[in-house]
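Contents: one structure, followed by commentary.
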Amino acid sequence: MTRVVVDSSRRRPIGSERLNAPALALLVSLAACGGQVRYDYDYAKEPDPRKSEYVIGVADHLNIRVWKNADLSTDATVRPDGTITMPLLGDLTADGKTPSQLKDEVTKQLQRYVRDEGAVVTIAVTGVNSYTFTVSGNVEHPGVFNSTKYVTVLEAMQLAGGPNRFASPTETKLFRRTKKNGPARVIPINYPAVLDGSQPEANLAILPGDQLYVP
């Protein structure tokens, strides 16, 4: 279990390596009395998709243009298997690639058929539909949400109506998969501390496929 630190003075931390449920409940109670529950987790190591190029996903709409070659240009939607279909080239994998990476792939494939060096390829994402995430547990409106812009933990929780009266928001967990079909990692989050601004580092950007859970 992730080590929890309660710092009532915010200068002299105390902690324990492993906590059972009663111990964790005690720490939460201490926090309510003026202490601050802090999880020993390096939030800075988590990726921020807002600082990098968009990654194409299933159901995204793409506008692909080949200059001076209207017959090769197309609008495409990424299918559930992650592919799109282009004239002459057939099926290409788009899921998991950035527009720049897909552009390079299309350009490379076209060179087998088109000798015109002026056949410049441009790719634009015209519809963002793959950015989905789940908010579950003791929230007012649990469910699967999508957005056309990246949201944070705070914003995702607000979309779900916030914790309900049965919730233990200091024990919020963010489940995240590094690989699409790999095991989920658990990121502990003290939501009240995110809400009041005392732990802004835990207000992570939500990645596609993340699950925010409030016990």
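The values are calculated or read from the model by the stated rules, or taken from the named source; none is laboratory data. Every value quoted in this text rests on a predicted model; they were computed, and no experiment measured them. Cβ coordinates were reconstructed from backbone atoms using ideal geometry, including for glycine residues, and neighbour counts include every protein chain displayed. These area figures cover heavy atoms from the full protein model, side chains too; ligands, DNA and RNA do not enter into them. Shrake-Rupley method; radii C 1.70, N 1.55, O 1.52, S 1.80 Å.
Observations, loosely collected:
- Among residues of the stretch 177-207, those that are out of contact with any helix residue (DSSP H, G or I) (no Cβ under 8 Å at 6 or more places or on another chain), assigned to a loop (DSSP other than H, G, I, E, B) and under 21 Å from S147 (Cα atoms), counted: 2
- In the stretch 143-151 there is no residue that is over 13 Å from the mean Cα position of the chain (by Cα), under 20 Å from V37 (Cα atoms) and either open to solvent by 20 Å² or more (accessible area, probe 1.4 Å) or among the β-branched types (V, I, T) (or both).
- All positions within the stretch 54-73 that are closer than 30 Å to G209 by Cα and of a type in the set (G, A, S): G57, A59
Quick grid of which residues meet (1) within 20 Å of G197 (Cβ to Cβ); (2) among the polar types (S, T, N, Q):
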{"residue": "V114", "(1), (2)": "no, no"}
{"residue": "T122", "(1), (2)": "no, yes"}
{"residue": "T126", "(1), (2)": "no, yes"}
{"residue": "E140", "(1), (2)": "no, no"}
{"residue": "S147", "(1), (2)": "no, yes"}
{"residue": "T152", "(1), (2)": "yes, yes"}
{"residue": "E155", "(1), (2)": "yes, no"}
{"residue": "S168", "(1), (2)": "no, yes"}
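- Residue in the stretch 154-175 that is in contact (Cβ under 8 Å) with a residue 24 or more places away in the chain, surrounded by fewer than 17 Cβ atoms within 10 Å (Cβ to Cβ) and among the β-branched types (V, I, T) present: no
- Within the stretch 54-106, considering residues that are among the hydroxyl-bearing types (S, T, Y) and under 26 Å from I206 (Cα atoms), the one surrounded by the fewest Cβ atoms within 10 Å (Cβ to Cβ): S100
- Number of positions in the stretch 140-172 that are assigned to a helix (DSSP H, G or I) and not aliphatic (A, V, I, L, M): 5
- Some residue of the stretch 113-133 being surrounded by 19 or more Cβ atoms within 10 Å (Cβ to Cβ) and among the aromatic types (F, W, Y): yes
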